[in-house]
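In what follows, a single structure is set out as structure tokens and then discussed.
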Amino acid sequence: MDLQWPGCRNVRDVGGLPTADGRRIRDGVLIRSDSLHYLSPEGVEAVRRAGVSRILDLRGNAELELFPSPFADDPLWVHQPLQAADDPEHGQPTILEACTWMLDRRPELFAAAIKAIADEPDGAVLVHCHGGKDRTGMIVALALSVAGVPEEEIVSDYFRTQARLASWLEEQLAAEPDTSKHAEMIEFRDTRVDTIVAILRHLDTTYGGPEAYLRHGGLTDDDLDRLRSRLVA
């Protein structure tokens, strides 16, 4: 379900997605969004009205310095980056290679983000990065996979970001007069189905699937059970 938080462009509650055993993801337990620094004052109030009990900010330190969260001094907010402070820039030529580079380099950080969702006892956990696209998309895909949501539903949820951010990408391209940069901008800022499908295949072939990957990162069976209990109605 799309949510309207003034200032943000890409906010939705993943509640309602079906699981393979005929159940569904609960409403109001997992929300994904783009960066909250875009929020207007009215948007900040919308977040508070949404019953958010934890905000997981996946952005790196440099992003936080440039674009501080309006919730940075609030107990709701947790900095949960997917790269360590001393990690180099990924330097990968495609968004897929950048994502798999992050997954392979820091499984413990991806596992920590999933554990933070599982450990929150009440209310909605809000997960966001900058555009709410790839880092957010990977964390949400991992969580939904553990919850038993079929791959086609996970892919469909990921792809919904394209429509939400299409006008933003057009604005960014129009604002960049050097058209030689446009191909790279599109590569890293567009949302394509084949990206998340390839990420899921990478998890399957390299680790044995999302759950095995998260165990590789340090999660226990109890952690995964708590996540399922939290997410699935």
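The protection proxy used here, the mean number of other Cβ atoms lying within 10 Å of each residue, ranks peptides 154-162, 127-135, 39-47, 80-88 as follows, highest first: 127-135, 154-162, 39-47, 80-88.
Each part gets one Cα centre, and for the range 47-89 versus the range 147-165 those centres are 23 Å apart. Considering only Pro93, Val149, Pro41, the residue lying farthest towards the positive end of the dipole of the chain is Val149, judged by Cα position with unit charges set on Cβ. Count charges around Val193 for me, please; just the other residues with Cβ under 12 Å from its Cβ, Lys/Arg as +1, Asp/Glu as -1. Surrounding charge for Val193 is -3.
About its Cα centre, the chain has a charge dipole of approximately 540 debye under the convention of +1 per Lys or Arg Cβ and -1 per Asp or Glu Cβ, with nothing else charged.
Per residue, the chain reaches -16000 deg cm²/dmol at 222 nm when only DSSP H runs of four or more residues are counted, each adding -39500 (n - 2.57). Computed from the C-beta positions of Thr205 and Trp101, the FRET efficiency with R₀ = 25 Å rounds to 0.95. Remark: the Cα gyration tensor places the chain in the rounded category, a/c being less than 1.5. Think of each Lys and Arg Cβ as +1 and each Asp and Glu Cβ as -1; about the Cα centre, that makes the dipole of the range 1-104 roughly 640 debye. In terms of packing, defined here as the mean over residues of other Cβ atoms within 10 angstrom, the peptides 219-231, 24-36, 104-116, 174-186 line up highest first as 24-36, 104-116, 219-231, 174-186. Normalised by the number of residues in the chain, the mean separation of alpha-carbon contacts (under 8 Å, six or more apart) gives a relative contact order of 26 percent.
The numbers here are math on the coordinates, done by the rules we state, and not lab data. Everything numeric in this text was worked out from a predicted model, so none of it was measured. FYI the Cβ positions are ideal-geometry reconstructions off the backbone, even for glycines, and counts take in every protein chain you see.
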